[in-house]
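Okay, structure first, notes after.
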Amino acid sequence: MAQVTAVEAQQWLVEKIAHRLGVAPGEVSPEVFFDELDLDSTEALILAGEMESWLGFELGTTTLWYHPTIKDLAAHIAEESSQRASA
Amino acid sequence: MHLVHPGALAAQVHRTLAEALPEGVGLTVLDLSALPEYWEAALTGGRAETTVEAIAERLAAELMGPQFALVGWSFGGVVAQAMIELLPAERRPERLVLLDSIAPTEEYQQPDEALEPPLLLNWFAMYLGAKRGRPVPLDPGALAGLGVDDGLPLVLDAATASGALLPDTPLPGLRKLYDTYVDGLLRNNRLTAPYRPKPSSVPLVLVKAERSLIPEDPTLGWQPLAPHGLSLAVAPGDHYTMLTRPDAAQAIARLVHPA
């Protein structure tokens, strides 16, 4: 499993969310809270499933609660990915 | 009027019914999603650390006013029926209206394995169509004999063709949505399996959707729990869209508050 950096995770999230919202990636701020994005629960779960497939591991159900922005989540993913790569 | 809502769709879906009620009649939705021990089970493998009785007791405390009508949709009907039996006789509603609700009776108290993939995939397609406001039509029998891995791509194709999902929706993304949906159903199935309901103290009115979850059973198993009568009615739409279609809401409103 390849290790994912915070920059890569953030870029991936911004691109996917921009695509789902039909806007340019530059219009999606990494600082914005997920619940402020115009993603409904269906879109959010589909995105989560796509992300887990890309990462190769599942994220806990409380992850978005503790990491509620793209930037926070990307940092968490990088940390988790690093731990798994070195395990 | 109070309506017990088991989640799956946002509680706001009942706005259509609220608008169809006679003037002066308000609608209070008792949303099981507000109970963490129930809601979180759909995200953590479908095992809720609670019981039907405990949920009913919690919700019965929310019933306001000396007189009220009570309605339960889907698993909410099971909880609503349990709630009535917790109330003193003078506070019970005249009848309980069940919206496409499957009875917690022997016929439907089944192990998880009884919920086979073709049945679940068909329900999921129905749910997805309602959630996205675009029906997801599947050929009858297309899923027969298929497992999830073979059947879910057919749902994905139908959903993208109908516009319910974006054309490039990835299968792993849809799988996450499907797994969460199924965990919600399993949670309800596991809550129902050990539950031993009392027969209803009030008449029951079952409103089946035209496209019900179980089309072949006209009573959805409620007869043994209805010593004071079981009336049957049909509303347009499927298990989910019966909540948002104005014609279905009109029909349900007439049953809850007969003129």
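The values are calculated or read from the model by the stated rules, or taken from the named source; none is laboratory data. If you're wondering where the values come from, they're calculated on a predicted model, not measured in any experiment. Ideal geometry is used to build each Cβ from the backbone, glycine not excepted, and the neighbour counts take in all protein chains shown.
Residues in the stretch B:43-61 that are at pLDDT below 85 and polar (S, T, N, Q): B:Thr44 only.
Take the stretch A:36-70 and flag every residue that is of a type in the set (Gly, Ala, Ser) and either more than 23 Å from B:Lys131 (Cα to Cα) or more than 9 Å from every other protein chain (Cβ to nearest Cβ) (or both).
Listed by number, the residues that qualify are A:Ala44, A:Ser53, A:Gly56, A:Gly60.
Yes/no per residue for (1) in contact with a strand residue (DSSP E or B) (Cβ under 6 Å, 6 or more places away or on another chain); (2) free of Cβ contacts under 8 Å to residues at least 24 places away in the same chain; (3) of a type in the set (Asp, Glu):
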position	(1), (2), (3)
B:Leu128	no, no, no
B:Ala144	no, no, no
B:Val155	no, no, no
B:Ala159	no, no, no
B:Asp179	no, yes, yes
B:Asn188	no, no, no
B:Ser201	no, no, no
B:Leu204	yes, no, no
B:Val207	yes, no, no
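For the stretch B:113-130, does any single residue satisfy the condition of being in contact with a helix residue (DSSP H, G or I) (Cβ under 9 Å, 6 or more places away or on another chain), surrounded by 22 or more Cβ atoms within 10 Å (Cβ to Cβ), more than 14 Å from chain A (Cβ to nearest Cβ) and not aliphatic (A, V, I, L, M)? The answer is no, given that none of the residues of the stretch B:113-130 is in contact with a helix residue (DSSP H, G or I) (Cβ under 9 Å, 6 or more places away or on another chain), surrounded by 22 or more Cβ atoms within 10 Å (Cβ to Cβ), more than 14 Å from chain A (Cβ to nearest Cβ) and not aliphatic (A, V, I, L, M).
Of the residues making up the stretch B:131-157, those that are surrounded by 20 or more Cβ atoms within 10 Å (Cβ to Cβ) and farther than 14 Å from B:Pro118 by Cβ are B:Lys131, B:Val136, B:Leu156.
Looking at the stretch A:23-47 only, could you name the residues that are modelled with pLDDT of 90 or more and out of contact with any strand residue (DSSP E or B) (no Cβ under 7 Å at 6 or more places or on another chain)? Across the stretch A:23-47, the qualifying residues are A:Val23, A:Ala24, A:Pro25, A:Gly26, A:Glu27, A:Val28, A:Ser29, A:Ile46, A:Leu47. Go through the stretch B:7-17 and give me each residue that's touching a Leu at 6+ places or on another chain (Cβ under 9 Å) and outside any helix (DSSP H, G or I). Selection gives B:Gly7, B:Ala8, B:Leu9.
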